[in-house]
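> Here you go, one structure.
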Amino acid sequence: MNICLGLLESSRPDQTRIFAEIGGKLIDLQLAYAALLSQSPEHQANAYKLAAFYFPETIAAFLARAEPAKKCLDETAAFVRRSGVSELRGPAGEKIAYDAQEIRLLPPFLNPEKSFVIGFSDRARVEALPKAEIPTGFYKLPQTFVTNGAPIVWPKFSNEVDADGCLAIVIGKAGKRIAPEKAWEHVAGATLMIDITARDINKREGLTTNNLLGKNFPSSTCLGPAVLIGNARKDFAALEVELAIDRVVKQKFALCDCVFTVEQIIARWSILGIKPGDWLAIGASMALQGDRLQNPVPLNIGSTICCSSPAIGELSHQIVSAGGLRR
Amino acid sequence: MKLVTFIHENQERIGAIDSAGRVVDLHRAYASYLRNVENSLSADQLAVAVLGRDMVEFLKRGEKALDAARKANAHAEKNPTNDLVLDRQQVRLMAPVPRPGALVSAGKNFSDHVSEMSSKKGPSDPVAFLKLPGSVIGPEDDIPHPPEVKNLDYEVELAIIISKPCVNVGVEEALDYVAGYSAFNDISARDVIRAENKTGIHLMGKSFPGFAPMGPYLVTADEISDPQNLKLSLRVNGEIRQDSNLGYMIFKIRDMIAYWSQLGLNPGDVLTTGTPRGVAAGRKPDQTPWWLKPGDLVEAEVENLGQLKNRIVAE
């Protein structure tokens, strides 16, 4: 099951809603659940209230409602399929099913406390490096997040920009110092992420062991389009993530290509405490051919970047000029 | 004006410090002003609309909110009833900006600190790293000593709080984007940083919960005539460890704002200046006596901005 975060055209920016992709439509989950509840005499009177509780404004808040909310999601999806997507209406006749172009899609998580990319985590890259004992990572500022379709603005200060496809493991249950064998209990799903890097700046910053401007300029983190719900290794083991530049596949990987297991990564980073809506991404710098740091896949103004995984969807972006560009 | 965020009756509120050092509840004082002076009907709602709900929203509202805060402050001084004005003992101060959108901390920015950390020379461009905003704590909160950490260190710094959207600004205009200043302590786990730097970059070593004490006030920029010439000092259990002046910064406050505005800064974002010499990691020949341990009291102070007093406690 895939869920995403969006806004109706007429809504205020804080009136975000959770949608599920069912039968080629985006289903407003809160209203769909209200419709289901209103069919039962027992819940009819409280249908809207209960639906708003289990399907609140953000995916992070939905995940915080834990198993009961996930059960509601399954029931709602079954109800929508049973009723037929096109026939479906809310308790008072409200529209529930939308075409993708009617919804302004948002990054599934807008303001997580922990949004980390685990660095140097792919086998291809680390063969050339000293073996890492701990999964280190860097932080992507929430203000840099964009989602599918958004233009990526070439940063004025850079002459060399590239992209890495990542799989972001989404946290669903809060915890601190989580034991590896309990790690999957804290996972709620996965989404895609593209880590856009101003490589010239990043190399210079790397000399001083830091990593900031090269990874955190506006629109440098593409996140989404949807969250694939699941919390077991088997749910994600077969996922393949591909990154294509101008339709040519440049990167391809699966969870098993990461030198660190999800268990190790969660055990390490939960030392700081993790919460629903936090995410930990793997895959940055995973390359099909050669050492990409020496031989980067260059992006240009007009390049299209597409990160995809069949079960999650795709993030598709074009690089645009901010004006006053050096290139 | 000295602005604060505080907890009173389990609620997070914003306030200002009055001439007697007490805390004026800005929403209540402004609502009282609107009700009693301007005969406003929906004073409470209007106060929230004008001041915002928290410090970041307050800063986003700019001059209009500051002006309302000044009126509220003056009104409370004339009418110091105990619902408008609270004694310091009645409240717990949080960091003035408890949840900055971004917390950008400079490294290697004082030449004496660069040499004590045995770096060869200072950097050619400003160096900084991100601390997690979630590590921010209040001026008198405890700092948890994580069991994973052996070498816990301190770094007194100046925190610069951004007032308005700040993108690609020039050095000359940079200070126009400052809402105010606070004292800051960049708590650092040196052993964790060292382990992270071996094969990656450091993040955890600077961002455990409680590793960013800030406050006690946001002193508005108009009250600090020369922010680049302020003394800063740090004591551990009363013993002076750091004692310097912001004049020794390599990249000045203006340079830092101009450079990091390339990130796209927002109201309430915080830049910190980096620290002068005197950290535990720089002690010669033996660092051991200076690592922070449970029970230690760390007092970090910046001239005219007040003092942070945080106790280290075992986690």
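> Two decimals is fine: what is log10 I(q)/I(0) at q = 0.13, 0.21, 0.22, 0.24 Å⁻¹ for the range B:138-201, from a Debye sum with one equal scatterer on every Cα and no solvent?
Computed log10 I(q)/I(0) values: -0.60, -0.90, -0.92, -0.98.
> What average count of beta carbons from other chains do you get within 10 Å of the Cβ of residues in B:123-135?
5
> If the only charges are +1 at each Lys and Arg Cβ and -1 at each Asp and Glu Cβ, what is the size of the charge dipole of the protein assembly as shown around the Cα centre, to the nearest 20 debye?
640 debye
> On a 0 to 90 degree scale, rounded to 10, what angle separates helix B:26-36 from the longest Cα axis of chain B?
Around 10 degrees separate the two axes.
> Starting from 0.36 nm per residue, how many nanometres of slack lie between B:Asn79 and B:Asn39 once their C-alpha separation is accounted for?
Full extension from B:Asn79 to B:Asn39 adds 12.8 nm.
> Please report the base-10 log of the normalised intensity I(q)/I(0) for the protein assembly as shown, using a Debye sum with one equal scatterer per alpha carbon and no solvent, at each q in 0.06, 0.08, 0.09 (1/Å).
Values returned for q = 0.06, 0.08, 0.09 Å⁻¹ are -0.35, -0.63, -0.80.
> Which residues of the range A:141-166 bury at least 30 Å² of accessible area once all protein chains are present, versus their chain alone (1.4 Å probe)?
A:Leu141, A:Gln143, A:Phe157
> Could you please report the charge total around A:Arg82, scoring K, R as +1 and D, E as -1 over all other residues with beta-carbon less than 13 angstrom from its beta-carbon?
With Lys, Arg at +1 and Asp, Glu at -1, the neighbours total -2.
> For the interface of A with B, what's the total buried accessible surface in square angstrom, probe 1.4 angstrom, rounded to the nearest hundred?
Accessible area lost upon association: around 3100 Å².
> Separate question: What's the Kirkwood radius of the range A:1-118 in Å, using all Cα pairs?
For the range A:1-118, the Kirkwood estimate is 14.5 Å.
> A further question on this structure: What residue among A:Phe55, B:Ala195, B:Pro213 has its Cα farthest toward the positive end of the dipole of the protein assembly as shown, where the charges are +1 on Lys, Arg and -1 on Asp, Glu, each on the Cβ?
About the Cα centre, the residue reaching furthest to the positive side is B:Ala195.
> Once both labels are modelled 7 Å past Cα along the beta-carbon direction, what's the A:Lys176-B:Gln89 spacing in nm?
Output for this residue pair reads 3.0 nm.
> Provide Rg and Dmax in Å for chain A, with only Cα atoms included in the calculation.
Rg then Dmax for chain A, in Å: 20.3, 66.
> Which of these, A:Pro151, A:Pro218, A:Pro13, has the largest mean-square fluctuation under a Gaussian network model of chain A (Cα springs below 10 Å)?
A:Pro13
> Further question on the same structure: Using the Kirkwood radius over Cα pairs, work out the Stokes-Einstein diffusion coefficient for the range A:176-269 at 37 °C and 0.692 mPa s, in µm²/s as a whole number.
Stokes-Einstein gives a translational diffusion coefficient of 210 µm²/s.
> Identify all aspartates and glutamates with a Cα-Cα distance to A:Lys70 below 18 Å; exclude those on the same chain that are fewer than 8 residues away in sequence.
Within the straight-line cut-off, A:Lys70 pairs with A:Glu21, A:Asp28, A:Glu57, A:Glu185, A:Asp235, A:Asp278.
> Mind computing the radius of gyration and Dmax over the alpha-carbon atoms of the range B:79-219? Å is fine for both.
Final numbers for Rg and Dmax: 17.4, 60 Å.
> Relative to the longest principal axis of the C-alpha atoms of chain B, give the angle of the C-alpha long axis of helix B:62-78, reported between 0 and 90° and rounded to the nearest 10°.
Once rounded, the angle reads 70 degrees.
> Still on this model: Binned at 10 Å from 0, what are the whole-percent values of the Cα-Cα distance distribution for the range B:1-122, short to long?
With 10 Å bins starting at 0, P(r) equals 13, 38, 24, 11, 10, 4, 0.
> Right, something else. In Å, what Kirkwood hydrodynamic radius results for the range B:60-111 from the alpha-carbon pair distances?
14.6 Å
> I need two numbers for the range A:199-250: Rg to one decimal and Dmax as a whole number, Cα atoms only, in Å.
Using the Cα atoms of the range A:199-250, the pair Rg, Dmax is 16.0, 40 Å.
> Within the range B:235-302, which GluC sites (Glu not before Pro) sit in a loop by DSSP and count at most 13 neighbouring Cβ atoms inside 10 Å?
none
> Along the range A:241-246, what does the Karplus equation 6.51 cos²θ - 1.76 cosθ + 1.60 (θ = phi - 60°) give for ³J(HN,Hα), rounded to whole Hz, x for Gly and Pro?
10, 10, 10, 10, 10, 6
> Within a Cβ distance under 12 Å of B:Gly295, other residues only, what is the Lys/Arg minus Asp/Glu net charge?
So the environment of B:Gly295 carries a net charge of 0.
> Work out the length of the dipole vector of chain A about its Cα centre, built from +1 on the beta-carbon of each Lys and Arg and -1 on the beta-carbon of each Asp and Glu, and round it to the nearest 20 debye.
The calculation lands at about 500 debye.
> Something else now. Can you work out ³J(HN,Hα) from phi for every residue in the range A:141-155, in order, using Karplus 6.51 cos²θ - 1.76 cosθ + 1.60 and θ = phi - 60°, giving whole Hz and x for Gly and Pro?
So the J values, rounded to whole Hz, are 5, x, 5, 8, 6, 9, 10, 2, x, 5, x, 9, 8, 4, x.
> Now a separate question. In the protein assembly as shown, if the dipole is taken from +1 on Lys/Arg beta carbons and -1 on Asp/Glu beta carbons about the Cα centre, which of B:Ser182, B:Ser244, B:Gly62 is farthest to the positive end?
Value computed over the given set: B:Ser244.
> Would you mind pulling out the separation of the Cα centroids of the range B:1-31 and the range A:184-240, in Å?
What the calculation gives is 40 Å, centre to centre.
> Mean-square fluctuation check for chain A, GNM, Cα pairs under 10 Å: which of A:Ile301, A:Ile266, A:Ile282 is largest?
Comparing A:Ile301, A:Ile266, A:Ile282 in a Gaussian network model of chain A, the most mobile one is A:Ile301.
> Could you run the Karplus curve 6.51 cos²θ - 1.76 cosθ + 1.60 with θ = phi - 60° over the range B:172-187 and give me ³J(HN,Hα) per residue in whole Hz, x for Gly and Pro?
Rounded to whole hertz, the list is 5, 8, 4, 5, 5, 9, 9, 7, x, 9, 9, 7, 8, 10, 8, 5.
> Taking a quarter of the surface of the Cα convex hull of chain B, what do you get in nm²?
Answer in nm², one decimal: 16.1.
> Using a 7 Å offset from the Cα along the Cα-to-Cβ direction at both B:Thr288 and A:Val248, what is the distance between the two label points in nm, to one decimal?
6.0 nm
> Here is a further query. How large is the Kirkwood hydrodynamic radius of the range B:173-289, in angstrom, based on all distinct alpha carbon pairs?
Hydrodynamic radius (Kirkwood, Cα pairs) of the range B:173-289 is 16.3 Å.
> Treating the range A:19-70 as a set of equal point scatterers at the Cα positions, no solvent, please give the Debye-formula log₁₀ I(q)/I(0) at q = 0.24 Å⁻¹.
At q = 0.24 Å⁻¹ the computed log10 ratios are -0.92.
> Right, next: Find which of B:Pro126, A:Leu110, A:His186 sits farthest along the positive direction of the dipole of the protein assembly as shown, computed with +1 on the beta-carbon of Lys and Arg, -1 on that of Asp and Glu, about the Cα centre.
Going by the charge dipole, the pick is A:His186.
> Leaving out same-chain residues fewer than 8 places away, which lysines sit with a Cα under 25 Å from that of B:Lys78?
Leaving aside lysines fewer than 8 places away in the same chain, those within reach of B:Lys78 are B:Lys2, B:Lys64.
> Run the quick spin-label model on B:Asn237 and B:Lys309: label points 7 Å from Cα toward the beta carbon, then report their separation in nm to one decimal.
Here the answer is 1.8 nm between the modelled labels.
> So which DSSP H runs in chain A come out at 20 Å plus along the axis (Cα) with average Kyte-Doolittle of at least -1.0?
Taking the DSSP H segments of chain A (at least 20 Å long, mean hydropathy at least -1.0), we get A:66-83.
> Under a 1.4 Å probe, what is the accessible area of the protein assembly as shown per residue, stated in Å²?
Here the residues of the protein assembly as shown average 40 Å² of exposed surface.
> If each residue of separation counts as 0.36 nm, what is the full-extension length gain between A:Tyr98 and A:Thr304 once their alpha-carbon separation is subtracted?
Full-extension gain reported as 71.5 nm.
> Straight distance only, please: which lysines reach the Cα of A:Lys114 with their own Cα at less than 18 Å, same-chain residues fewer than 8 apart left out?
Straight-distance partners of A:Lys114: A:Lys140, A:Lys173, A:Lys176, A:Lys215, A:Lys275, B:Lys131, B:Lys206.
> May I ask you to give the percent of accessible area on the protein assembly as shown that is carbon plus sulfur, with a probe radius of 1.4 Å?
That share works out to 50 percent.
The values are calculated or read from the model by the stated rules, or taken from the named source; none is laboratory data. Please read all numbers here as calculations on a predicted model, not as lab measurements. Cβ sites come from the backbone with ideal geometry, for glycine too, and all protein chains shown count toward neighbours. Just so you know, the surface numbers come from the protein's heavy atoms only, side chains and all, with ligands and any DNA or RNA stripped out. Shrake-Rupley method; radii C 1.70, N 1.55, O 1.52, S 1.80 Å.
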